[in-house]
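S.K.: Structure below; questions to follow.
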Amino acid sequence: MAIRRVRIFTLFERFWHWSQMFLIVVLMITGFGLHGFHHLLTFEQAVTLHTLAAFSLLLLWAFSIFWLFTTRNWRHFIPTVKGMWQVLRFYSFGIFQGEHHPYRKAYWRKHNPLQALAYLMLKIVLFPLIWVSGLIYLFYFLWRDIPHATQILDSVALIHTGAAFTILVFVMIHIYMLTTGHSFKEHVMPMITGFDDVDLSPEEEAYLLKDEPGVIR
Amino acid sequence: MRAFLGLALALLLVGPLATLNASDQSQWPTPLASKPPDQISGPLSGGTGDHTKYDALKQPFTSGPEVTKACLSCHTETGKHFMKNIHWTWEYRNPDTGQMLGKKHLINNFCTNARGNEGMCAQCHAGYGWKDESFDFTDETNIDCLVCHETTGTYYKTPNSEGSPACSIMFEGKPPIDYNLVAQSVNLPQRANCGTCHFYGGGGDNVKHGDLSSALTNPPRELDVHMDAQGLNFACTACHVTKSHVWAGSRYRVIANDEQGTGKPGQRRDVATCESCHGNEPHPVDSLAAFKRNDHISSIACQTCHIPEFARGGVATETDWDWRTAGKTRNGEGYHEHGYTQGNGEERYTYKSIKGTFTYGENLVPLYRWFDGQMDYTTIDTKFDITKPVAINDFTGSREDPRSRIWPFKKMTTWMPADMGNGTLVYNHLWGEDEDSYWGNYDMGRSIAHGMKQFNLPYSGEYGFVETFSYWPITHMVAPKEEALACSDCHAENGRLDGVTGIYMPGRDHNVWVDTIGIIAVIGTLFVILGHALIRFFSSMKTKQGQH
């Protein structure tokens, strides 16, 4: 087994990540403004930006879902318990003892088990929750005449706001996690250059060197 | 040559300035040599005849009914048409509630009742001579064509009966009416015609409605985009379209949510709604916000955003009236007090012996409520609890009702006389030549007893005062679009729609639990992160020290 610099994030993934980050920041700021937590923007500006950002994000997700399934990259997010305990133990104790992170990225497992589970939950629970509730919210005037519409809107708003708070918590932990390990920069760079240290099997190394020389340094 | 060039240059430079000066002067408020342009009255504008050329209008007239006869000699069917409308009947049976409404029956919380006081109040009846029950509603020649159609501004009406000597003195000494001049001036009704009565409802300029004042006679764009004298210049009848002298747009039966929109060309002559011209997607879709605005029309009346304030244009409206203080005299005579200077500089009475105390307001923010268009009146035969405020006209409406939308209202509060024994309103005999009329003797006990007896109504003999409310849907004084409400006027805490129930509005409403738990979660996460980071920091220091 050899640790090599391998391109684990393709150009599309990096584009996806950073544009998603930007859109989520916009949605957070405008969304909490609409909720009345701040008045940095007028309500009209906030609604316009929030809606535009939401539709852009939906489009981005449409592309990313297509990409995940056509490139088989969805397999990175299959949940596993293998190694989970070590990762949990590291963040709870080992990190304070100056231990190194127990997880080594593999070519077909670029996330540690905790990461994979967290991202999976984000993808299949939290994101659908916020965009389904958001679309129902946005198109309220199409269904306002059904019985109990106000109560339903009340619940939709509750779910939408609740999901927003949860995503904010995720973002906070996500950013904090970047500071663990070697350095903040080392965690961020792979999402910019695409390259990170990956534990390759001799076969993978040989394959990449021969057939995908641009992916390995 | 050089001198010529210089002169030409000077002319070129000064020429435009000179013409500018001339146009400035033409707008100077001096009496206009020619008549102002006709107001827009819908497709009927223009006409096909010149009334100065008709022989029927050149004959000598000595009274209004003679003019009416001349009118009817050509407009043969108009009398029959006219007698069906509410300006003539002063009566309206609401088909939904069965209530008998109209000025002939109703009690309002301004001057209270026209019934029994027609000698004064029926100055605003579109007819001649209604002073008591003997008035003949079947006689076409009693119709007053001139009050709505003459355009000289020299025609006027006086009370149909003399009233108390103290009052009748106010109407003496007016110049005689030149009936040929006014008859030949007829045109489709201009704003000033309708305004003669409708601007002065409740006993003075803008007293009653709040959105109908003399400021609308020649309004600037800022006051009303449609009636803007320099712009669209709409007459009232541009929206209040007519069909055989019956007008669209009724306050007794409001169409609070017009889902029909414009209809086919020339078709809709039954409504005065905004939608009947602007349709059901009134905002041009040039932005995301415009989409949302068009969505809102199913919940919000156009007036709610587009009439941000009423009683604008310098004329105040009355918001409170207290009849309890009426009847004070000085040296045995009634008096009045000034006390309010309105925007256009005019003084308004804040006290009158004949009416009581008034409170005025200008540029007022309306009250907003769900409204289904149905007004429910407290009439002379309605019993109520005298210990609680009484709604003279109450209304219903809710989020669940498809006919309802959120509407702006003027709310009027009045302490007014009532029969405390029976718990009903009263007909007060205000105007008359007899000894009992309140506007003369200032004895309310007598005037009420007279007013009730005159119409064989039960009266306990014990009068007092009750607090009453009335609600006036606001629909005129449509501001230019740049003055319309912004989203954040309502989508905010303590916003305009604060008191409106049955809806969840982002920006106004919050789920306290979600917010509390959410904020705790975010702050908690922050603390966990900080704690985690601190432990990391100190343990790494320890490790480093251990290495040394």
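S.K.: For B:D144, B:D443, B:D509, what's the largest-to-smallest order of accessible area, 1.4 Å probe?
M.R.: Ranked from most to least accessible, the order is B:D443, B:D509, B:D144.
S.K.: Right, another one. At A:F139 and A:H101, where each label point lies 7 Å from the Cα along Cα→Cβ, what is the point-to-point distance in nanometres?
M.R.: Between A:F139 and A:H101, the label points sit 4.0 nm apart.
S.K.: According to a simple spin-label model (label point 7 Å from Cα along Cα-to-Cβ), what is the distance in nm between B:H278 and B:K84?
M.R.: Between B:K84 and B:H278, the label points sit 3.1 nm apart.
S.K.: Just need the relative contact order of chain B here, percent rounded to a whole number, with Cα pairs under 8 Å and 6+ apart.
M.R.: Here the relative contact order equals 14 percent.
S.K.: Let me ask something additional. Using the Karplus equation 6.51 cos²θ - 1.76 cosθ + 1.60 (θ = phi - 60°), what ³J(HN,Hα) coupling, rounded to whole Hz, does each residue of segment B:233-239 give in order, writing x for Gly and Pro?
M.R.: 6, 6, 7, 4, 6, 5, 9
S.K.: Quote the charge dipole size of segment A:122-217 about the Cα centre in Debye, to the nearest 20; the model charges only the Cβ of Lys and Arg (+1) and of Asp and Glu (-1).
M.R.: Working: 5 positive and 11 negative charges, 121 e Å.
So the dipole magnitude of segment A:122-217 works out to roughly 580 debye.
S.K.: Efficiency by 1/(1 + (r/R0)^6): what FRET value for B:A521 and B:T341, r their Cβ-Cβ distance, R0 = 60 Å, to the nearest 0.05?
M.R.: Result of the calculation: an efficiency of 0.55.
S.K.: Let me ask another. Can you tell me the length gained on complete extension of the stretch A:S155 to A:R14, counting 0.36 nm per residue apart and subtracting the Cα distance? Please list the in-between numbers first.
M.R.: Values: separation 141, 0.36 × 141 = 50.76 nm, distance 3.51 nm.
So the extension gain works out to 47.3 nm.
S.K.: How big is segment B:317-490 on each of its three principal axes, counting only the C-alpha atoms and giving the largest first in Å?
M.R.: Taking the Cα atoms of segment B:317-490, the three principal extents are 57, 42, 26 Å.
S.K.: Return a whole-number percent for the relative contact order of segment B:317-490, with Cα pairs under 8 Å and 6 or more residues apart as the contact set.
M.R.: 22 percent
S.K.: Tabulate in residue order the Karplus-calculated ³J(HN,Hα) for segment A:191-205, using 6.51 cos²θ - 1.76 cosθ + 1.60 with θ = phi - 60°, rounded to whole Hz; enter x for Gly and Pro.
M.R.: 6, 9, 8, x, 9, 8, 6, 10, 7, 9, 6, x, 5, 4, 4
S.K.: Take A:F37 and A:F66, extend 7 Å from each Cα along the Cα→Cβ direction, and tell me the distance between the two endpoints in nm.
M.R.: Going from the A:F37 label point to the A:F66 one covers 3.3 nm.
S.K.: Ignoring ligands, DNA and RNA, what percent of the 1.4 Å accessible area of the protein assembly as shown is carbon and sulfur?
M.R.: Its accessible area is 62 percent carbon and sulfur atoms.
S.K.: In terms of Cα to Cα distance under 15 Å, which aspartates and glutamates are near enough to B:K352, apart from those fewer than 8 places away along the same chain?
M.R.: B:K352 reaches B:E318, B:D320, B:D322, B:E333, B:E337, B:D443.
S.K.: In addition: Please go through segment B:114-198 and write out the GluC sites (Glu not before Pro) that DSSP classes as loop and that have at most 14 other C-beta atoms within 10 Å.
M.R.: Passing both the DSSP loop test and the Cβ count: B:E133, B:E172.
S.K.: Let me ask something else. Would you grab the residues whose amide H sits under 5 Å from the one on B:T319? Only those 5+ places off in sequence or on another chain, please, with H modelled 1.01 Å from N.
M.R.: Amide H to amide H, under 5 Å and 5 or more residues apart or across chains, B:T319 pairs with B:T359, B:Y360, B:G361.
S.K.: Still on this structure, please answer the following. Calculate the dipole size of the protein assembly as shown relative to its Cα centre from +1 charges on Lys and Arg beta carbons and -1 charges on Asp and Glu beta carbons; express the result in debye to the nearest 20.
M.R.: The calculated dipole for the protein assembly as shown is roughly 3600 debye.
S.K.: Hey, how much of the P(r) for the protein assembly as shown falls beyond 44 Å, as a percent of Cα pairs?
M.R.: Every Cα pair in the protein assembly as shown considered, those over 44 Å come to 48 percent.
S.K.: In what sequence, largest accessible area first, do A:K105, B:K453, B:K328, A:K110 appear using a 1.4 Å probe?
M.R.: B:K453, B:K328, A:K105, A:K110
S.K.: Let me ask something else. Would you mind checking B:K243/B:K411; B:K80/B:K410; B:K80/B:K355; B:K388/B:K453 for any pair whose Cα atoms are more than 30 angstrom apart?
M.R.: Values: B:K243/B:K411 32 Å; B:K80/B:K410 36 Å; B:K80/B:K355 38 Å; B:K388/B:K453 26 Å.
Pairs exceeding 30 Å: B:K243/B:K411; B:K80/B:K410; B:K80/B:K355.
S.K.: Any lysines with Cα under 29 Å of the A:K110 Cα? List them, leaving off those in the same chain fewer than 8 positions away.
M.R.: A:K82, A:K123, A:K185, A:K210
S.K.: May I pose another question? What full-extension length gain, to one decimal in nm, is calculated for A:D197 and A:W74 as 0.36 nm per residue of separation minus the Cα-Cα distance?
M.R.: Gain on extension, A:D197 to A:W74, equals 42.2 nm.
S.K.: What figure, in Å² to the nearest 10, do you get for the accessible area of B:Y92 with a 1.4 Å probe and non-protein molecules left out?
M.R.: Probe radius 1.4 Å; accessible area of B:Y92 about 50 Å².
S.K.: Quick one: accessible surface of B:Y340, probe radius 1.4 Å, all protein chains present, in square angstrom to the nearest 10.
M.R.: 50 Å²
S.K.: Sort B:K157, B:K69 by accessible area with a 1.4 Å probe, largest first.
M.R.: Details: B:K157 40, B:K69 120 Å².
My answer, sorted largest first, is B:K69, B:K157.
S.K.: Calculate the dipole size of segment B:231-290 relative to its Cα centre from +1 charges on Lys and Arg beta carbons and -1 charges on Asp and Glu beta carbons; express the result in debye to the nearest 20.
M.R.: Working: 6 positive and 6 negative charges, 81 e Å.
Value, rounded to 20: 380 debye.
S.K.: Right, next: Select from A:P79, A:P102, A:P113 the residue whose mean-square fluctuation is largest in a Gaussian network model of chain A (Cα-Cα springs shorter than 10 Å).
M.R.: A:P102
S.K.: A follow-up question, please. Report the accessible surface area buried between chains A and B, summing both sides, using a 1.4 Å probe on protein heavy atoms only, in Å² rounded to the nearest 100.
M.R.: The contact between B and A buries close to 3300 Å².
S.K.: With a cap of 10 neighbouring Cβ atoms within 10 Å, and only residues DSSP puts in a loop, list the trypsin sites (Lys or Arg not before Pro) found in segment B:168-228.
M.R.: Sparse-neighbourhood loop trypsin sites (Lys or Arg not before Pro): none present.
S.K.: Starting from the amide H of B:R508, placed 1.01 Å from N in the peptide plane, find each other amide H under 5 Å away whose residue is 5 or more places distant or on another chain.
M.R.: B:A492
S.K.: Further question on the same structure: What residues in segment B:514-539 lose 40 Å² or more of accessible surface when the other protein chains are added to their chain alone (1.4 Å probe)?
M.R.: Residues meeting the cut-off: B:V514, B:D515, B:V522, B:T525, B:I529, B:H532, B:R536.
S.K.: Tell me which of A:T180, A:L27, A:V156 sits at the most positive position along the dipole axis of segment A:2-215, charges placed on C-beta atoms (Lys, Arg +1; Asp, Glu -1).
M.R.: A:T180
S.K.: Using only protein heavy atoms and a 1.4 Å probe, report how much of B:S73 is accessible, in Å² to the nearest 10.
M.R.: 70 Å²
S.K.: Ok, one more. Using just the helices of chain B, give the 222 nm mean residue ellipticity in deg cm²/dmol: DSSP H runs with n ≥ 4 each add -39,500 (n - 2.57), and the total is spread over all residues, rounded to 500.
M.R.: Taking each H run of at least 4 residues, the total per residue is -7500 deg cm²/dmol.
S.K.: Which whole-number value in Å² is the accessible area per residue of segment A:1-129, probe 1.4 Å?
M.R.: On a per-residue basis, segment A:1-129 sits at 57 Å².
S.K.: Could I ask something else about it? Let's test the formula: R0 of 22 Å, r as the Cβ-Cβ distance of A:L58 and B:T262. What FRET efficiency results, to the nearest 0.05?
M.R.: 0.05
S.K.: When the Karplus curve 6.51 cos²θ - 1.76 cosθ + 1.60 is applied with θ = phi - 60°, which whole-Hz ³J(HN,Hα) does each residue of segment B:272-280 get, with x for Gly and Pro?
M.R.: 10, 6, 4, 5, 5, 10, 8, x, 9
S.K.: Quick one: grab Rg to one decimal and Dmax as a whole number for segment A:2-215, Cα atoms only, in Å.
M.R.: Reported Rg and Dmax, both Å: 20.3, 64.
S.K.: Between B:E333 and B:Q454, what is the FRET efficiency for a Förster distance of 25 Å, r being their Cβ-Cβ separation, to the nearest 0.05?
M.R.: 0.40
The values are calculated or read from the model by the stated rules, or taken from the named source; none is laboratory data. Worth saying up front: this structure is predicted, and the values here are computed from it rather than measured. When we count neighbours, we look across all protein chains shown, and the Cβ atoms used for this are built from the backbone with ideal geometry, even at glycine. For the accessible areas, the whole protein counts, side chains as well, though only heavy atoms, and no ligand, DNA or RNA atoms are used. Shrake-Rupley method; radii C 1.70, N 1.55, O 1.52, S 1.80 Å.
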